[in-house]
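The values are calculated or read from the model by the stated rules, or taken from the named source; none is laboratory data. These figures come from a predicted structure and were not determined experimentally. Ideal geometry is used to build each Cβ from the backbone, glycine not excepted, and the neighbour counts take in all protein chains shown. Accessible surface is based on the protein model in full, side chains and every heavy atom, while ligands, DNA and RNA are left aside. Shrake-Rupley method; radii C 1.70, N 1.55, O 1.52, S 1.80 Å.
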Amino acid sequence: MSKPLVGIIMGSQSDLNVMREAAEFLEELKIPFELTIVSAHRTPLRMVEYASTARKRGLKVIVAGAGGAAHLPGMVASLTSLPVIGVPVKSSNSIDGWDSVLSILQMPGGVPVATVALNGAKNAGILAAQILGTSNKSIGRKLDTFKISLRKKVEDSVKSIERKGWQHIL
Ligand code: RP5
């Protein structure tokens with residue numbers, strides 16, 4: 001097993017159902033990653049340890065998801081100079097999701113978190129791969145293929161609507 005390049009972390013096991021989409025995308029592209037629970041509020045010292053050793057351990061990018069008062073991505077970004085992608089999760093303690101979005105999005109100057117959409121873990125996985133793909137040709141090629149597959153899917157839908165008529169699609 002090669003050393004993980006991406007660290008996927010989340011505040012609680014209850015985030016896994018959303019965060020798994022980042023893991024699934026990386027798995028699809030055969031990009032080595034690690035996945036674990038790190039809570040900013042319940043295990044703050046573990047968070048400090050995780051983030052401050054991440055670069056030394058060989059990680060290149062961190063994907064961090066949390067819900068409600070979602071401090072994990074921002075705090076991790078404060079502890080490492082690796083790029084951090086934040087995933088706002090609509091969790092049981094979220095009011096409506098905006099709380100998580102704004103907690104992750106509105107970072108102070110100097111400490112960016114690349115924030116994806118609410119529950120947008122798949123895009124976080126894609127973005128992590130794209131960051132790696134800037135310096136890794138093989139990952140870059142797989143991402144090009146992925147992009148082509150997105151285009152083909154839309155083209156297939158266009159053809160299908162033209163062939164069957166829109167009334168017969170759903
Ligand atoms: C956040 O609180 C976690 O990231 C999770 O989204 C939310 C709820 O956690 P649990 O109470 O389900 O463990 O810190």
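Could you tell me which of rounded, prolate or oblate describes the chain, using a ≥ b ≥ c as the square roots of the eigenvalues of the alpha-carbon gyration tensor, with rounded for a/c under 1.5 and, failing that, prolate when a/b is larger than b/c and oblate otherwise?
In terms of gyration-tensor shape, oblate.
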Fill in the blank from the handout: Rounded to the nearest 500, the 222 nm mean residue ellipticity computed for the chain from DSSP H runs (n ≥ 4, each -39500 (n - 2.57)) alone is -15000 deg cm²/dmol
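Residues of the range 100-170: accessible area per residue at 1.4 Å, in Å²?
Per residue, the range 100-170 has 70 Å² of solvent-accessible surface.
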Fill in the blank from the handout: Computed over the chain: longest principal axis from alpha-carbon atoms vs helix 121-133 long axis, angle to nearest 10 degrees, is 80 degrees
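Share of the range 1-66's accessible area from carbon and sulfur, percent, 1.4 Å?
The nonpolar share, carbon plus sulfur, comes to 53 percent.
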Completion exercise
So, with points 7 Å from each Cα along the Cβ direction, the residue 102-residue 134 label distance in nm works out to 3.1 nm
Problem - Under 20 Å from the Cα of residue 60 - lysines, other chains or at least 8 residues apart - result: 3, 30, 122, 137, 142
Exercise for the section: Taking the Cα centre of the chain as origin, sum charge times position over the Cβ atoms of Lys and Arg (+1) and Asp and Glu (-1), and report the length of that vector in debye to the nearest 20. Expected result: 620 debye
Practice task
Taking the chain as the reference, fit the longest principal axis to its C-alpha atoms, fit the long axis of helix 137-164 to the helix C-alpha atoms, and give the angle between the two in degrees, 0 to 90, nearest 10.
Solution key: 40 degrees
Handout entry: Positive dipole terminus of the chain, leading residue within 124, 29, 44 (C-beta point charges)
Key = 29
Exercise for the section: Could you state the angle between the C-alpha long axis of helix 16-28 and the longest principal axis of the C-alpha atoms of the chain, as a value from 0 to 90 degrees rounded to the nearest 10? Expected result: 70 degrees
Handout entry: Packing-based order for 125-135, 148-158, using average beta carbon neighbours within 10 Å, highest first
Key = 125-135, 148-158
Handout entry: the chain: relative contact order in percent, alpha carbon pairs under 8 Å with at least 6 residues between
Key = 21 percent
